[in-house]
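Asker: The structure follows.
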Amino acid sequence: MNSIITIKAFSDNLIYLYCYNQNDAIAIDPGESSPVLKTLEKYELSLTAILATHHHSDHVGGAVELKKKTGCKIIGGDNKRIAGIDCVVESEQILTFGNINIEVISTPGHTSTSVCYYIPRNNENETGILFTGDTLFVAGCGRLFECDAQTMRDSLRKLAALPDNTNLYCGHEYTLENYEFALKIEPDNSLILQHIAEITKKIQKGEPTVPSTIAVEKAINPFLRTDTDRIKTALNMPHADAAEVFEELRRRKDIY
Ligand code: ZN
Ligand code: FE
């Protein structure tokens, strides 16, 4: 069974090591190198590749150093803004590592070249895995730096269409504040209240709040539900279309 190690970086970034082939590992969004190098050493893993979801330094800042120390390849969706990149991916491209296939999903919104990485399950008993960077967060979504609301919404809909039991690993530990904002929008959503209680316990124990699942996000994340009457009513936009509602929701979160 392949496993995922979550590494905390900076104040709230999450770096992941996806382990495969006994002792090989892929790093997702290594914003800094030192905690990754320590973890590789601790578990006796060798780093074969870095997958970057986007070019922001809190996601790729450690990549060049890791490449220098381990000889791994740097893979991402932006050939100009990711230093040291070896392989520029396109949407729907399949990356193969040993017997692992990783699908690239193009998700412009947070940046124009953001991508997510999806590892489909092999059988009924497994769960799929999705690394979302700053596109989809637990209970929230990334800020719109380079694209409009419609573009981000289209990207999020691609992710929401993945199987319900897909585990979601995002780029930041923003979960509690996202849930608090979601509750402000929908004070009567009991699922949100229930999740806040669970998340709070995890945070108190020092545990990360990932993974979430696509099923949970579809039930609680307001950014995935701007086409519903509940969210439209909550925003006092009963007749607006989903993209307009999305834009307004993102605007409110920006000033929250
Ligand atoms: Zn970012
Ligand atoms: Fe970030």
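The values are calculated or read from the model by the stated rules, or taken from the named source; none is laboratory data. Since this is a predicted model, take the numbers as computed values, not measurements. Using ideal geometry, Cβ is built from the backbone for each residue, glycine included, and neighbour counts are taken over all protein chains shown. For accessibility, only protein heavy atoms count, side chains too; no ligands or nucleic acids. Shrake-Rupley method; radii C 1.70, N 1.55, O 1.52, S 1.80 Å.
Asker: Just to be sure I understand, how many residues within segment 1-11 are part of a strand (DSSP E or B) and modelled with pLDDT under 95?
Answerer: Residues flagged as part of a strand (DSSP E or B) and modelled with pLDDT under 95 within segment 1-11 amount to 1.
Asker: Picking from GLU244, GLU180, GLU146, GLU198, which residue would you name as being assigned to a loop (DSSP other than H, G, I, E, B) and either open to solvent by 70 Å² or more (accessible area, probe 1.4 Å) or assigned by TED's automatic domain parsing to the domain that holds LYS8 (or both)?
Answerer: Selected residue: GLU146, the only one of GLU244, GLU180, GLU146, GLU198 that is assigned to a loop (DSSP other than H, G, I, E, B) and either open to solvent by 70 Å² or more (accessible area, probe 1.4 Å) or assigned by TED's automatic domain parsing to the domain that holds LYS8 (or both).
Asker: While we're on this one: Select from segment 120-133 the residues that are open to solvent by 10 Å² or more (accessible area, probe 1.4 Å) and either within 28 Å of GLU177 (Cβ to Cβ) or within 16 Å of ligand 1 (Cβ to nearest atom) (or both) and list them in ascending order.
Answerer: Residues satisfying the conditions are THR127, ILE129.
Here is a yes/no grid of residues against (1) within 16 Å of ligand 2 (Cβ to nearest atom); (2) not aliphatic (A, V, I, L, M):
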{"site": "THR39", "(1), (2)": "no, yes"}
{"site": "THR48", "(1), (2)": "no, yes"}
{"site": "HIS56", "(1), (2)": "yes, yes"}
{"site": "THR70", "(1), (2)": "no, yes"}
{"site": "VAL89", "(1), (2)": "no, no"}
{"site": "VAL104", "(1), (2)": "no, no"}
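Asker: Further, regarding this structure: Scan segment 213-256 for residues that are at pLDDT below 95 and under 17 Å from THR132 (Cβ atoms) and report the count.
Answerer: Selection size over segment 213-256: 0.
Asker: If I filter segment 201-229 down to residues being β-branched (Val, Ile, Thr) and under 20 Å from the mean Cα position of the chain (by Cα), which single residue comes out as nearest to GLN150 (Cα to Cα)?
Answerer: Only one residue tops the list, namely THR226.
Asker: Evaluate the following for TYR169: is it part of a strand (DSSP E or B), of a type in the set (Phe, Trp, Tyr) and touching a residue at least 40 places away in the same chain (Cβ under 8 Å)?
Answerer: So TYR169 passes the test.
Asker: Specify the residue that is farthest from the chain's Cα centre (by Cα); the eligible residues are those in segment 170-200 that are under 27 Å from ASP229 (Cβ atoms) and β-branched (Val, Ile, Thr).
Answerer: Restricting to residues being under 27 Å from ASP229 (Cβ atoms) and β-branched (Val, Ile, Thr), the top hit is ILE185.
Asker: Just to be sure I understand, how many residues within segment 172-212 are touching a residue at least 60 places away in the same chain (Cβ under 8 Å) and in contact with an Asp or Glu (Cβ under 7 Å, 6 or more places away or on another chain)?
Answerer: 5
Asker: Where residues in segment 12-51 are in contact (Cβ under 8 Å) with a residue 40 or more places away in the chain and not in a strand (DSSP E or B), which of them is surrounded by the most Cβ atoms within 10 Å (Cβ to Cβ)?
Answerer: ASP29
Asker: Can you tell me which residues in segment 92-115 are surrounded by fewer than 17 Cβ atoms within 10 Å (Cβ to Cβ), at pLDDT 95 or above and not in a strand (DSSP E or B)?
Answerer: Selection gives GLU92, GLN93, SER112.
Asker: Report the residue count in segment 72-87 for those that are open to solvent by 60 Å² or more (accessible area, probe 1.4 Å) and either within 16 Å of ligand 2 (Cβ to nearest atom) or part of a loop (DSSP other than H, G, I, E, B) (or both).
Answerer: 5
Asker: Mind listing whichever residues of segment 126-138 are farther than 17 Å from ILE4 by Cβ and more than 16 Å from ligand 2 (Cβ to nearest atom)?
Answerer: none
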